[in-house]
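Heads up, the thing below is written out as structure tokens.
The values are calculated or read from the model by the stated rules, or taken from the named source; none is laboratory data. Please read these numbers as outputs of a predicted model, since none were measured by experiment. Methodologically, a virtual Cβ is constructed for each residue, glycine included, from the backbone with ideal geometry; neighbour enumeration extends over all protein chains shown.
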Amino acid sequence: MLTPTPPITVAELRLVPYFARLNDEALAGVARLVVARAYIRGDLIQVEGERCDGLWIVRSGRVRVFKTSPEGREQVLALIGPGESFNDVPVFDGGANVASAEAVEAATAVCLRRDDVQALLEREPTFAVAVIRVLGARLRHMTGLVEDLSFRNVAARVAKILLGQASDPEAGRLTQSEMAAIAGTAREVVGRALKALEQEGVLQTDHGRIVILNRARLEEIAGL
């Protein structure tokens, strides 16, 4: 269940790549337009195929962005943390939501309506430049996801996910189910991959916590 939260500040907005180069007056204008909401774990923020509400920015917590197949299988596209945005594509192309988004822990987020984003795009050249850069990064990320699913086996995908987690100490710990959704496979397959890596001495599991023992070997398995 979503509830109102305190308004976002200019300082918070400046940490978002889209708004980093806007002056204080423009940022204050954006802060007045966004709608702030709070979510508990499991709350859906948006649903794939439904009308786009606008550009979402996470203030705290984590949000997973995912697509669902007709059979109910999920593919995680991204895990979004504080200062990051999602639902960019339909905001700019005018279509419906291309993916669903769910709070994976208690989270707060703000939404800037599509019309307000379009108006900002027309009057603020620095915002337009930021849009190009952010969408370029999104495209690079999606290209990497396609590469992983097409050319890396499950062990390599799991190894890459573990390395990504290790390099981001602020990220929350992933469950095997979440890792499976990112890797595009079943939880049981991820469990077998982790067990094989542990038997090889690459990592160690301790009450659900994964400790990397041989980073060089893990990078080799990931193909990095």
Report task. Identify the residue in the stretch 38-63 that is of a type in the set (D, E, K, R) and under 16 Å from A107 (Cα atoms) and, among all such residues, is surrounded by the fewest Cβ atoms within 10 Å (Cβ to Cβ). Result -> R41
Query raised in the report: What pairs come up if the first residue lies in the stretch 43-66 and is within 19 Å of R113 (Cβ to Cβ) and touching a residue at least 12 places away in the same chain (Cβ under 8 Å), the second is surrounded by fewer than 17 Cβ atoms within 10 Å (Cβ to Cβ) and hydroxyl-bearing (S, T, Y), and their beta carbons are under 9 Å apart, counting only those six or more places apart or on different chains?
Result: R59/T5
Query raised in the report: Does the stretch 84-125 hold any residues that are closer than 15 Å to P17 by Cα and surrounded by fewer than 17 Cβ atoms within 10 Å (Cβ to Cβ), and which are they?
Result: L121, P125
Query raised in the report: Does P70 satisfy the criteria of being under 28 Å from S177 (Cβ atoms), surrounded by fewer than 20 Cβ atoms within 10 Å (Cβ to Cβ) and either out of contact with any helix residue (DSSP H, G or I) (no Cβ under 7 Å at 6 or more places or on another chain) or among the polar types (S, T, N, Q) (or both)?
Result: yes
Query raised in the report: Which residue, of E48, E105, is touching a Gly at 6+ places or on another chain (Cβ under 6 Å), within 30 Å of T175 (Cβ to Cβ) and in a loop (DSSP other than H, G, I, E, B)?
Result: E105
Query - Pairs where the first residue, in the stretch 126-152, is surrounded by 10 or more Cβ atoms within 10 Å (Cβ to Cβ) and the second is among the basic types (K, R), C-beta under 6 Å, 6+ apart - result: T126/R21; D148/R157
**Report entry** Residue selected from the stretch 14-37 under the condition in a helix (DSSP H, G or I) and touching a Phe, Trp or Tyr at 6+ places or on another chain (Cβ under 9 Å), by the criterion surrounded by the fewest Cβ atoms within 10 Å (Cβ to Cβ)
**Finding:** A26
Requested in this report: Return the residue satisfying two criteria in turn: it lies in the stretch 187-224 and is touching a residue at least 60 places away in the same chain (Cβ under 8 Å) and part of a loop (DSSP other than H, G, I, E, B), and of such residues it is surrounded by the fewest Cβ atoms within 10 Å (Cβ to Cβ).
Outcome: L224
Query raised in the report: Got at least one residue in the stretch 17-24 being touching a strand residue (DSSP E or B) at 6+ places or on another chain (Cβ under 9 Å), in the same structural domain as N97 (by TED's automatic domain parsing) and of a type in the set (D, E)?
Result: no
Query raised in the report: Which of the residues that make up the stretch 51-63 are assigned to a strand (DSSP E or B) and of a type in the set (A, V, I, L, M, F, W, C)?
Result: L55, W56, I57, V58, V63
Requested in this report: Could you list, in sequence order, all residues of the stretch 67-96 that are touching a residue at least 60 places away in the same chain (Cβ under 8 Å) and of a type in the set (S, T, Y)?
Outcome: S85
